[in-house]
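Heads up, the thing below is written out as structure tokens.
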Amino acid sequence: PTNTMTPTPTSTATPTTGIIRGLVWNDRNGDAVRQEGEPPLAGVTIGIRYLGIEFDTRVTAGDGSFVFAGLLPGDYTVRAYDIPGFAWTTPNMAIIPVQANTTNFIEFGAWIPPTATATPTATSTATSTATPTPTPTATPTPCPDAYEPDDSMLQAKWIEAGGQPQTHNHHQPGDVDYLKFVGIAGQTFRIRTFALGGAGNDTVLTLLDSAGAVLAQNDDDPLNPPASRIDFTCPETGTYFLRVEQKSPAVGGCSITYQIEVRTWVPTPTPTPTPTLAKRGWLPLVIKDVQGR
């Protein structure tokens, strides 16, 4: 009989990478829930970061989808860039823990906020009696910055760690600004205000966790007062919040401006002092004979 060769099955390699898929849609009613009839948004730029560094981007297709494949296991930050004319109804940034041989899915919703309709003002009818006309009081022109409203943790705006500084103002007395950023466990961040403008401008910077608990606070940066600075090492990966306010709640106005940035920072190790050796001393050598002379 003729021996028949039995083929040896080839083993299939187990994938060692994961995938992030996502979708951006037009949340027409602004309820942060995708519903039937709400179309996708094409042409939206999506960035992905690892360890605070953005290493790739995608642009959503006609069906609003995007995909990042071949990702090694780890925590990735995915961010949808702002869309002109739209406002986000969901957070536009998220931390995605990627594991090997898994696919993660995320959605971002945005809408066009409705335009406020002016209420008609009733016209008064003039009487025949002449009445002195009071001099109108000048109303200050409002000057909120581009990030308003940002007066609470729910309204906090994103600031990118390692990105460009943002310019804010305290446009009226008592104004408070909230920001948020993604922190990676074990990384140290230097958070600071600088380039303060306007008389009496003295910022107070507060760092909070996602529950609103105060983690750190600073009034004056020792290297740049009256600006503020916090150096902070994240105990865990997550979203952290910042609150910037004036030391005096009476200070505010269009000229009260400041810049703020969040940067990764490597603390300088404290040098170990070198021990000082004691100086050597010399004693005279006296030689005597056997008789002690």
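The values are calculated or read from the model by the stated rules, or taken from the named source; none is laboratory data. Nothing here was measured: the structure is a model prediction, and the numbers come from that model. When we count neighbours, we look across all protein chains shown, and the Cβ atoms used for this are built from the backbone with ideal geometry, even at glycine.
Points worth noting:
- Among the residues examined, LEU154 qualifies as modelled with pLDDT under 95, within 30 Å of ILE53 (Cβ to Cβ), of a type outside the set (D, E, K, R) and not in a loop (DSSP other than H, G, I, E, B).
- Of all residues in region 69-106 being within 18 Å of the chain's Cα centre (by Cα) and among the polar types (S, T, N, Q), the one that is surrounded by the fewest Cβ atoms within 10 Å (Cβ to Cβ): THR90
- Some residue of region 169-178 being aromatic (Phe, Trp, Tyr), surrounded by 15 or more Cβ atoms within 10 Å (Cβ to Cβ), touching a helix residue (DSSP H, G or I) at 6+ places or on another chain (Cβ under 8 Å) and modelled with pLDDT of 90 or more: yes
- Restricting the first member to region 80-94 and to residues that are assigned by the TED database to the domain that holds PHE66, and the second to residues that are assigned to a loop (DSSP other than H, G, I, E, B) and among the polar types (S, T, N, Q), the beta-carbon pairs closer than 7 Å and six or more apart or on different chains are ALA80/ASN92.
- Verdict on ALA161 being more than 13 Å from TYR240 (Cα to Cα) and surrounded by 12 or more Cβ atoms within 10 Å (Cβ to Cβ): no
- Total residues in region 200-236, condition assigned to a loop (DSSP other than H, G, I, E, B), under 17 Å from VAL262 (Cβ atoms) and touching a helix residue (DSSP H, G or I) at 6+ places or on another chain (Cβ under 9 Å): 1
- Scanning region 40-80 for residues being within 28 Å of THR233 (Cβ to Cβ) and not in a strand (DSSP E or B) gives a total of 4.
- Annotation: PRO235 fulfils all but one of (1) closer than 24 Å to MET93 by Cα; (2) modelled with pLDDT of 90 or more; (3) surrounded by 12 or more Cβ atoms within 10 Å (Cβ to Cβ); the unmet one is (3).
- Residue check, THR16 under 24 Å from ALA161 (Cα atoms), at pLDDT below 95, not in a strand (DSSP E or B) and not hydrophobic (A, V, I, L, M, F, W, C): no
- Selection status of SER228, among the hydroxyl-bearing types (Ser, Thr, Tyr) and farther than 27 Å from GLY52 by Cα: no
- For region 108-151, the set of residues classified as under 30 Å from THR206 (Cβ atoms) and either at pLDDT below 70 or among the acidic types (Asp, Glu) (or both) consists of PRO140, THR141, ASP145, GLU148, ASP150, ASP151, listed by residue number.
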